[in-house]
1. Sort 343-351, 219-227 by packing, meaning the average of other beta carbons within 10 Å per residue, with the highest value first.
2. Using a 1.4 Å probe on the protein heavy atoms only, what accessible surface does S606 show? Give it in Å² to the nearest 10.
3. Could you look at segment 442-595 and say what percent of its accessible area is carbon and sulfur, using a 1.4 Å probe and all protein chains?
4. Is the shape of segment 103-240 rounded, prolate or oblate, going by the alpha carbon gyration tensor and its root eigenvalues a ≥ b ≥ c, with a/c under 1.5 for rounded and a/b larger than b/c for prolate?
5. Express the carbon and sulfur contribution to the solvent-accessible surface of segment 351-434 as a percent, rounded to the nearest whole number, probe 1.4 angstrom.
6. What does the highest-first list of 556-563, 473-480 look like by mean Cβ count within 10 Å?
7. In Å², what does the accessible area per residue of segment 476-546 work out to with a 1.4 Å probe?
8. Please report, to two decimal places, log10 I(q)/I(0) for segment 406-536 at q = 0.13, 0.17, 0.21 Å⁻¹ as given by the Debye formula with identical point scatterers on the Cα atoms and no solvent.
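The values are calculated or read from the model by the stated rules, or taken from the named source; none is laboratory data. Note that the structure is a prediction, hence the values are computed from the model and not measured. Cβ placement follows ideal geometry from the backbone for every residue including glycine, while neighbour counts extend to all protein chains displayed. The accessibility values were calculated without ligands, DNA or RNA, using every heavy atom of the protein model including side chains. Shrake-Rupley method; radii C 1.70, N 1.55, O 1.52, S 1.80 Å.
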Amino acid sequence: KHQKHKTTQTENKNKTSTMPKSMAAAALSARQLIKPIRSRAGHVRCFAATADPTSKLSNRGVSESQRLFDDLKRKFGYMGLIDKRKVGAQDLVNILKAGKSPNDYRCALQAMNVYYNFGVKLKHGEIASRYLAGAMKCKVYDEAVELIKLYGTWLESPPEISLVYSVMSHYLDAGSYTIVRDIAQTVREDWRMPVEAPLYDFAMEAMLRLNDDGLDEALLLHQDAKAVGVRLPAKLHLRLLNAALESCSTSASAEDGGEGEVAETDETSSPSSSSSSSSSSSSSTRATEKPLAWLGLLGAGSAALTFGTSVSSTSPSHCYYETQPDGRVDRLKRWSKRSWHLKSGASPGFHLRSFHPFLEKYIKTFEAGMAEDERGASVLVPLCGKSADMTYLCDQGCRVVGVEGVQRPIIEFKSEQRMRLKEFKHPTMLTMEDGEWKEGTSFQPAETFQGAKPGWVFKKGDRGLGYYTDGPRVWKGKANCGNNRKAPLQVLQMDMFDVTSDLIKVATYEDRGYFDMIYDRGGLESIPPEARAEYIEKTTQLLKQGGRMLLIVLDYNQDKVPIDPKGKRSAPPPYSLPEEEVRKLFPSSDWDVRLVDKQAEITGLSAGNPFFSDVDVKEVCYILTKKSASGSVSGSATGRILAALFGGAGAVAAIAFGCYR
C-alpha cells in the first residue's frame, strides 16, 4: 500500500508539473478550498477557505486586520486547546498596526475578547497605549474616550499620557470642550496616571472657550494645580490674566450702561421701577466684584509661583528637589520620571547586574565583630534600587533592610530575584496615628473628591469611597541562602529623609531602631552638595555606636562636568566626592575614616554618558567606623540649628515686646 501511494503521488506531481502555470495555480487553490484539520482529540473537521496567506480566493475583500485576526483564532486551536507559546501580545500589536478603518479597530477589540475568553492574561504595559493609538489611527475618537475612562476594567496599565493629550487636542480643535473637561477629570481622579502641566493647559483652554461660566471653571483648575503642586507655564498664567481682565472690562461696561439708563429715567418713576434699577445695579456690582476677586487671587498665585520658581532655580538641587505648596519637599520625582522612566526590561546606567567587587573583597573586614548574636549583623542599604548586593549580604549571613522611594525597582527586584526571595509578594501599608507608627491603612469616608491631600489617595476600596492612606510601605521577605537557611530581607518604600528610628522598630525586624552596619553604594554620590550633611545625619543616626559603614563613591574632576542649576541635563548626579570632601563630611572627632581601595569606574559611565566621555572617573571605597552616638552634623545642618535657635529667640522677643505694648 505504501509503494502504491508513493507511486500515485509521483504521478500526480508529474501531472501538475506539466500543467500550464494558470491551471496549476487554479488546481492548488481548488485543493485549498476544503482542507481537513485534525485536532488533538482525533476529530476531523473541514473548514472552507482556510488560511493560506497566498490564497487570493480566501483573502478577496478581507482587510489585513481581519486576516490577522483569523490567523490569531487559528493559533488558539480548536476545542479549547491553546498553544501559549504561539500566542502573545505581538499578535494584538500586529492587528492594531494594520488597522485603517473602524471595522479594523472592531477586529482588534474582538481579538482582545478572544484572549479573555480563553483565559490568556495580557500584562504588557503598552497594550492600553497601543489600543488608544489604534483608535486614533482608525478615527474612532469616541472609542478613544471610552478607553481612557474605562481602561481599568479590562487592562492593567493606563495608556501613555502623551496619547491622552493627543485625544484632548483633537477634541479641543473640534470644539467639543466638555469632552476635554471630562477627560481631564478622569485623569485627575486616576492615581495611576500622572497629573502634569499639559493636562491643565488643555482643560483651561477648553473652559476659556466656553461661553457660560468658562472663566470660573478655568480659575478653579488653576487653584487645583496650585494645590497639587503642578507648575504651570507662564503663558498659561498670562492667558488667564487676559481672560479675567476681559471679563472685568465687560462687566464694568455693562454696569456703566445700566447707570446711564437709570439716569435717563423720569424722576417721578414708581418705587417698583426704582427698586428694580437698584437690584440690577447691585447685581452688576456683584458681577464686577467676582472677576476682580478672581483677578486678585490669580495675580497673587502667579506672583507667588514666579517668586518660588526664581528662588528655587538658583539652587543646584532644583534639578530634582521640588518644594510643594504645603511645604513638603519632593525628592523622588527625578528618579521616577527620568532615571527609572525607561522601557520595560531596561535599567538605568548606575545599576549593576551582579554584586560589587569591593563588597566581595572587603566583606570580611566590613562585618568582622559586628554581629551581636547568632542571627547575624543587621545592614541598612539606603537608596538600594534593585541592587543584587542585598542578596549577596544575605548570603554572607547578614540581615538586610533596604530603602527605596520608587516602586518600579522594587517590583523588578522581586521579579529578578524570584527564585531566591520568599514571602516577598505584597507590601504592608504603614500609618501614623496619634504620633505612633503602626501597620495598616487609615480611611476617611468622602462621597465626593475634596481636593488633593498629601499622603492620601481618593479611591473606592474595601471600606467604600473616600481617602485612603498612601504613605510608606514595607516589603517583607526572606532570601534563600542554601543549606536550609533563610535570611530576612525587607525593603522600605519611602523617602530616605523620612526614615526614623521609631518607624524602623515597627516596620522591620530590627526592633532596636538602629543597625549594626550601613552599606552605601551610589547613595551619597547622588545627593546634591547642599543636602549631603542632612542625608548623612538622617542615615548615620540609624547606625549603632561602634558600627561600620562601607561607602563607595565616585571621584572625578567636577569642573569638567559642572552642575546645571536648571536641571535640564542628565548629569550630574552622580556628583564627585574627593577624599577631602569625604573627610570633611565625616570628621575625625566622630568617625574613623579609612580609604581602602580605588579603581576605574565599572558601570560604563564614561562610555554611556556623553558628559563623562573625556573624564577620568574613579570608584573609591571607604570603611568608616562610628565613634560617637550621634551622627555628623556640619555645614547646612549647623546652619539650620543656628537658624532655629535665633528664630526661636526672635519669636520670644516679639511676644515679650507685644505683651509689653
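1. Values: 343-351: 12.4, 219-227: 18.7.
Output ranking for 343-351, 219-227: 219-227, 343-351.
2. Per-residue accessible area (S606): approximately 40 Å².
3. Details: 2880 of 6590 Å².
For segment 442-595, the apolar C and S fraction of the accessible surface comes to 44 percent.
4. On the way: a/c = 2.88, a/b = 1.92, b/c = 1.50.
Because a/c hits 1.5 or more and a/b exceeds b/c, segment 103-240 counts as prolate.
5. Values: 1880 of 3860 Å².
Solvent-exposed carbon and sulfur of segment 351-434 make up 49 percent of the total.
6. Working: 556-563: 14.5, 473-480: 19.5.
In decreasing order of mean packing, 556-563, 473-480 become 473-480, 556-563.
7. Numbers: 2380 Å² over 71 residues.
Counting only protein heavy atoms, the per-residue value for segment 476-546 is 33 Å².
8. Debye output, listed in q order: -0.72, -1.11, -1.35.
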